1. Keeping to the stretch A:421-438, report how many residues are more than 14 Å from residue B:7 (Cα to Cα) and either over 11 Å from the mean Cα position of the chain (by Cα) or away from chain B (no Cβ under 11 Å) (or both).
2. Go through the residues of the stretch A:209-218 one by one and say whether even a single one is surrounded by fewer than 16 Cβ atoms within 10 Å (Cβ to Cβ), in a helix (DSSP H, G or I) and within 29 Å of the chain's Cα centre (by Cα).
3. For the stretch A:184-199, state whether one or more residues are at positive phi and either more than 16 Å from the chain's Cα centre (by Cα) or assigned to a helix (DSSP H, G or I) (or both).
4. Scan (1) closer than 26 Å to residue B:215 by Cα; (2) at the interface with another protein chain (Cβ under 8 Å from one of its Cβ atoms) for the single condition residue A:418 breaks and write down its number.
5. Among the residues of the stretch B:205-213, are any within 14 Å of chain A (Cβ to nearest Cβ) and part of a strand (DSSP E or B)?
6. Could you tell me whether the stretch B:148-168 includes any residue that is free of Cβ contacts under 8 Å to residues at least 24 places away in the same chain and within 23 Å of residue B:72 (Cα to Cα)?
7. With more than 15 Å from the chain's Cα centre (by Cα), in contact (Cβ under 8 Å) with a residue 40 or more places away in the chain and in a loop (DSSP other than H, G, I, E, B) as the only criterion, which of B:336, B:266, B:244 stands out?
8. Restricting to the stretch A:350-376, name every residue that is part of a loop (DSSP other than H, G, I, E, B) and more than 7 Å from every other protein chain (Cβ to nearest Cβ).
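The values are calculated or read from the model by the stated rules, or taken from the named source; none is laboratory data. Bear in mind that the values here come from a model prediction, so they are computed numbers and not experimental data. Cβ placement follows ideal geometry from the backbone for every residue including glycine, while neighbour counts extend to all protein chains displayed.
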């Protein structure tokens, strides 16, 4: 009896099965974050790291609050989260709606609820609520995504609702974070082609927009490159996905022959319109594949046909869509792609942040020795551009360590996700992983000039109470759910 | 729960995706931080304002320690276009006392790549140079209102004496070519132009220092970097002690006023140039500060007076009879004549139909009296005998080459290597020259006889003539003439201490010295004698295609242990005795005795007042020329 009680109490304590690896990573990242914020806001006549007047001091307070709340989450029963997933989601959605109306205008965004000295950003709490709701949906009895389109609709609704509300708050960056949940849908059974299509769209878009200046065969080089890319991918699909040696070979030969004929014609001075040529060539291959499909019943070729047709359609809509974007967005995209060189305007942030990071060198200038961040050359240096401080003061070594720590955290979360015995736990964990992937990829990408400037924070490093609290709750919930993974399967 | 292993494999796609992203980012970081230095440089120009600290330029003293050239502060208004923010233009123009139009023009000039090829948003651009102390004070107080503008302290020259402009030179802004050639210079820097300022530039300029200031993103200076520990203090340029005696130089310039020509005085034992006068000349103050550009153009375009042309070292004149001592030396060295060899002179050198005129004196005549009376005939005969002595030399051309070699060893025909820019090499023809002119073997001593008396093709600078005089005074050696006695703290290059021995045996010089002494005691330069100093001299009257003969004189004093060797050359002034001799002797007297004796005052006045030109003025300055008076002289020297 004595023994059994002891066993029970140990078994019931959430701390018994907590994933200490994640906790340690969390602690390292949070401490690194405070030091970075202190360094980023450090001035020559400076107070200590714990002074409340400093950003780092305020951040310490928020970390304290986060740790307490996180601890509470760990102590509560796991079933509570299961039971209250929808109510929490609904509450947060209502809060997001409320925010649109009561939030003051802060630099054009209406996403902050100001309560005396404290302001919070409900969008940050939308993340865990959405994750819970999605997890709850997937944990429904006999629920699988591919069972019916209604299930897609339900999942889509849960994801799109916060996106719309946050866009209405004019906080596009935070809204885009939820698009990362496509990884969760993919993991839960969504066709890989959706991911592939998404990847191709981004690739084609970038190429088509980036190389508009140079002409190739009377059409912009970018367009030509996309056409060539489509042809290569179609052939590749026929070989690898359809496993049809004959179709692949014939299509490839057809493409090569077509290009050779066009080259010969232009050599003899007969002008070939590039667009018409490429469209005709690809269309011909589509017709060939259609005939082959019906005759020989190679059903998988259908994917290649759809791909070719959709890609061409997409390409033609890119220019149209790009023209529809607001001019500042166009500019941001162009600056990121390196088409426009505007170091005083939109590109200023990125240029200065590249200078700051680049000047760090291999080992960095040493903590608090950065000049670019100290002298305020980098705007938003303690929030979105906090990585500059790390890059400048800790150099390549420090930056790489931070990146690897994040990578370790994300991979650990995926590992945790896969060891869950419930769909609820797995889906929730994948949601957390997706958020981290998006934040890391976009934030670092923008700071080193590889992505457009989309204002989202670097988890645990960027200054901001809502951000640290939001991410702590996300992780604490994950740890709590993971800690009771052995309890029961229901 | 059923596990779908097919779906579980998708974790590798998701995990692989983020691994790929992180790998790309690490590669990009490596490129940014390790491979590319551009960002480090950018960061430094961002954060550090490197303010150049200009060193004080070296001062110049004369041989007696009189301060001749010193520095005055000047202030340039400089701006960094990137840092300029909107400001009250009217207030700015008011403060600098310029009109709005001037301001606009200056701004557009700065941005005009043709007028200002070094324009850059990030580097300091000189908006206005040489602010007066008053404007400087006014602007300094208001400077905070004009972000992006600052004041750069500069150094300008100031002169204690309005003399020796040709020796001293001046300073000017560097041009694009110099910036490219020498790493030291940045746009807007100053460099020496002409004279000692140019030839000793590397010593005079010193080393620039740098002050590193920290500047934030708003252009505000946040203080010194690393408490100034990384700053480099400028090192002042080296002072120069000139060998010029500034009083003597001034006196020489006065004697040469309203005449065209040059005076070169050398201390024979050391090769130090005591005075290097070129006339017409100009006030060195003309080329200081903002007025420099306009005045330089004026001097440069004055093709009639050519004030920038330093006749003392750049003009190649026919040396005339001052050339005869070299002939005497060569004839003796080559054994053509002995002290007792006599040549006839029947009012000239007559050989067949060729005749070179001479004046009345006894005949036949030996070497010393020939120097005393400046007999043309003697030296023509000697030259003819030398070139015709085929038994010794083979051909005329070979004999001529021997003759030429001796002259080159005495400093003729090539640059002497004085420490001033622009020296001319004069001209001594070689046999190839005559072969070209007349055809090989188709010329003889008679064809070119006039070179024997310093006429014809032979040309020499006054410096070369003075150097010959110093060689004779030294009885057979010279030291390359130089105008800088000492670079303070460094000394002087070895080449300016080295003795050069011409190819003539030193034993023969005494005969020449005696001949030159006889010319003063009872020959062509009797007027050169003063006091009880044993003066030696040789007149020269050089025919030239430009009009009246040039009047030349070379001499040294005292005969034993000479202190000064001098060459005076006055263009188109007639006989050597008319101007050359008196000016030369007055210079020597002034240098040796410090004053002109009462009995020779008439000669001084005569020379000061004499004019051999139709020019309005031979001293170009912004001030009205003062007629020379005794009171002026003392006032000037006190200055």
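1. 9
2. no
3. Taking the stretch A:184-199 as the starting set, the residues that turn out to be at positive phi are A:189.
With either more than 16 Å from the chain's Cα centre (by Cα) or assigned to a helix (DSSP H, G or I) (or both) added as a condition, the list becomes A:189.
Yes: the stretch A:184-199 contains one or more residues that are at positive phi and either more than 16 Å from the chain's Cα centre (by Cα) or assigned to a helix (DSSP H, G or I) (or both).
4. (1)
5. Residues of the stretch B:205-213 that are within 14 Å of chain A (Cβ to nearest Cβ), as a first pass: B:212-213.
Narrowing the set further to residues that are part of a strand (DSSP E or B) leaves B:212-213.
Yes, the conditions are met somewhere in the stretch B:205-213.
6. No, because not a single residue in the stretch B:148-168 is free of Cβ contacts under 8 Å to residues at least 24 places away in the same chain and within 23 Å of residue B:72 (Cα to Cα).
7. Step by step, each of B:336, B:266, B:244 is checked, and only B:336 is more than 15 Å from the chain's Cα centre (by Cα), in contact (Cβ under 8 Å) with a residue 40 or more places away in the chain and in a loop (DSSP other than H, G, I, E, B).
8. Scanning the stretch A:350-376 gives A:363, A:364, A:365, A:366, A:367, A:368, A:369, A:370, A:373, A:374.
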